[in-house]
1. Condition (residue is in the same structural domain as ILE88 (by the TED database) and within 27 Å of VAL68 (Cα to Cα)) applied to segment 268-280: is it met by at least one residue?
2. Could you please let me know if ILE244 is in the same structural domain as ASP69 (by the TED database), away from the ligand (no atom under 16 Å from the Cβ), under 17 Å from LEU45 (Cβ atoms) and in contact with a strand residue (DSSP E or B) (Cβ under 6 Å, 6 or more places away or on another chain)?
3. Could you grab me the full set of residues in segment 201-230 that are at pLDDT 90 or above, surrounded by fewer than 22 Cβ atoms within 10 Å (Cβ to Cβ) and out of contact with any strand residue (DSSP E or B) (no Cβ under 7 Å at 6 or more places or on another chain)?
4. Of these, SER500, SER557, SER482, which one is hydroxyl-bearing (Ser, Thr, Tyr) and closer than 22 Å to SER452 by Cβ?
5. Of a type outside the set (Gly, Ala, Ser) and under 18 Å from PRO13 (Cβ atoms): is that true of LYS312 in this structure?
6. Quick one: what pairs do we get from segment 358-378, first residue closer than 13 Å to ASP610 by Cα, second surrounded by fewer than 19 Cβ atoms within 10 Å (Cβ to Cβ) and among the small types (Gly, Ala, Ser), C-beta under 7 Å, 6+ apart or different chains?
7. So, restricting to helices (runs of 4 or more DSSP H) that lie completely within segment 281-373, which ones have at least 1 residues that are away from the ligand (no atom under 16 Å from the Cβ) and among the polar types (S, T, N, Q)?
8. Of all residues in segment 294-330, how many are closer than 19 Å to VAL43 by Cα and among the hydroxyl-bearing types (Ser, Thr, Tyr)?
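The values are calculated or read from the model by the stated rules, or taken from the named source; none is laboratory data. The structure displayed is predicted, hence computed values, not measured ones. Cβ placement follows ideal geometry from the backbone for every residue including glycine, while neighbour counts extend to all protein chains displayed.
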Amino acid sequence: MFSVKFKTTEELPEPSPRLIDQVIGQDEAVRIVLSAVKNKRNVILLGDPGVGKSMIVKAVGEILQDIVDFKPYYVIAKPNLKNMERPIVEVIDGEYKEEKIEIPKVDFKSPNTFYLILVMIAAILLSEYLLRFVPEKYLLAAISITSLIVLIFGFVIILSAIIGSSRSGMGNTYSPADLKPVVLYECKKMPLVRASAYNVTRLLGDVKHCPLGGRPPLGTPPHKRIILGAIHEAHRGILYVDEIKTMPLEVQDYILTALQDKKLPISGRNPNSSGATVETNPIPCDFILIMSGNMDDVYNLRAPLLDRIDYKIVLRNKMDNTLENRNKLLQFIVQEIKNNNLNHLTYEACCEVVRVAQHLAGSKDKLTLRLRLLANILKMANDLAMGKEIEEILGNFDGKDYKPLTGKGKVLIEAKHIREVFERGIYSMEKQVAINYIKNFKRYKLITPNDSPKIGVIYGLAVLGEGGIGDVTKIIVQILDSKNPATHLLNISGDIAKHSITLASALSKKLIANHKLPLPKKDIDLTNKEIYIQFSQSYSKIDGDSATAAVCLAILSALLEIPLKQDFAITGSLDLSGNVLAVGGINEKIEAAKRYGFKRVIIPESNMIDVIEGEGIEIIPVKTLDEIIPLVFEM
Ligand SMILES: Nc1ncnc2c1ncn2[C@@H]1O[C@H](COP(=O)(O)OP(=O)(O)OP(=O)(O)O)[C@@H](O)[C@H]1O
């Protein structure tokens, strides 16, 4: 299985600390991205979820940070004294040092306390006068009124002193602190800035709201409320935007402008905020753009933006099942153990991971590269292996003396843990829904494998849900004499399925008319036959052409009135010449035939390379319809 022998993964070497060495199966993409970024080209990475798009960008960024010449810089924001709503943002080469920033000199006057002293003297004299000359019965009222007046005077003077102290000489409005430039960002090595496409503020920057009106003395001046966007922080480096599917058109336009002009102003994004009136000068943002998303997401991008992306790289979702690649999968397992602090795996568990990778790739000679999914399965298998602890938690939930297990001890992830996660499908919603559907529905399903031969009845195979589970479908064909010859499809919704059944119907009629079948001949007037094809008890959407061979055989059986054996299930597409063509989900389909207890399963010969486990059922590969006929008809 692997080129090294080991009992547990503990014996294997530690993974490389360099991220670039940890990327599995995407060597070509890594090379292209590396060269693209080195030559300052924009790149888009497309592929299935979890195949390593972000990992490649991070790895490339890590490497380039060490080898690319980079000029450090910092970004400051200054007030614009002519128009405070238009603050100035500057990118300055070199490393930031506090004293480099010039604080504008302002003529500051200290608060005048003369009036305060005058008021105090007046208050003393007044109280003296009141005590001596005012009659006793008015004394209290006079003192109260006078103290109130003095208090108000004092308050007004103190307040004006405070406000005065915060005012600058500049039009008597701004203090030096208000005018001090602020450092928005310091960049010492080549930046790799990541932002999600939907996060407009993070991408493009913003100007914060100021509830006090955004003007000193009470409010914060505009230049102190600026937030740089990822687009600006990526200046002289890489801007990595993922989730391109969610990128609003407005953002695409801004990115396009930034790519063209290499600068972009920042303005307040929220129209209800005081930041909305603020706009900076265009701020330099000369970056390499890397975007990523799933294949279909690319259609969400505007053509002019897509045009400016030089490299469009599609990542692989499978690799060949070779010794070299199995070793890489082993390396991946060791990486995941280290990165996620998992328990070690036994040798057999590693072999089981390879089997799961084959299943997820849908073929024996392929291994999946949807490695996040595989990593999740490893994590869940780890948790199952630690199940003893969970049992203890459950058992001791009400108990007082529960002590959690400390340390990882000698827990090992075994093959059974990996198998259990895979078979229970707890890593995939679709698979669980399919499993539950089959579990609940099986008892109502009228499938009688290995029954006596029947006219027009055949068992086809389907896969429920993407990456789901296989199921058996009973196909029944009945023929009626009618003045309106036609083919009617029942319980079939998908267009491809409808077309394939039209093909099956035409092919069967043609074969009967030409008398070319290795079957007893029978003269049939096909001009007055009405054909009904039912996918019995099939309530989910059926699509695809994998039932073509089954339907064709069932029509032949019904028209010629020759019974079909019932000990097999069949899957396979057909062309108009009667060749049997490959189908998807072959392993799930074989598994379903096995589960229902069929003795044989007939599959396209070209799918044989995909079969992972052939035990427990006779698998019959076929190339043409002629080859199938002697196998299935009871003659
Ligand atoms: N090619 C790979 N080599 C090694 N590990 C991988 C690879 N691809 C995925 N992984 C594992 O899966 C995790 C997620 O990968 P990553 O985030 O790069 O996928 P992605 O393609 O960017 O996914 P998405 O499209 O969902 O953002 C990684 O942290 C790593 O554990």
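1. Step one: of segment 268-280, the residues in the same structural domain as ILE88 (by the TED database) are 268-280.
Filter again for within 27 Å of VAL68 (Cα to Cα), leaving none.
The answer is no, given that none of the residues of segment 268-280 is in the same structural domain as ILE88 (by the TED database) and within 27 Å of VAL68 (Cα to Cα).
2. Working: in the same structural domain as ASP69 (by the TED database): yes; away from the ligand (no atom under 16 Å from the Cβ): no; under 17 Å from LEU45 (Cβ atoms): yes; in contact with a strand residue (DSSP E or B) (Cβ under 6 Å, 6 or more places away or on another chain): yes.
So ILE244 fails the test.
3. THR201
4. SER557
5. Numbers: of a type outside the set (Gly, Ala, Ser): yes; under 18 Å from PRO13 (Cβ atoms): no.
So LYS312 fails the test.
6. GLY362/GLY584
7. Working: elements: 303-307, 323-340, 347-361.
Ranges flagged: 347-361.
8. Of the residues in that region, 2 qualify.
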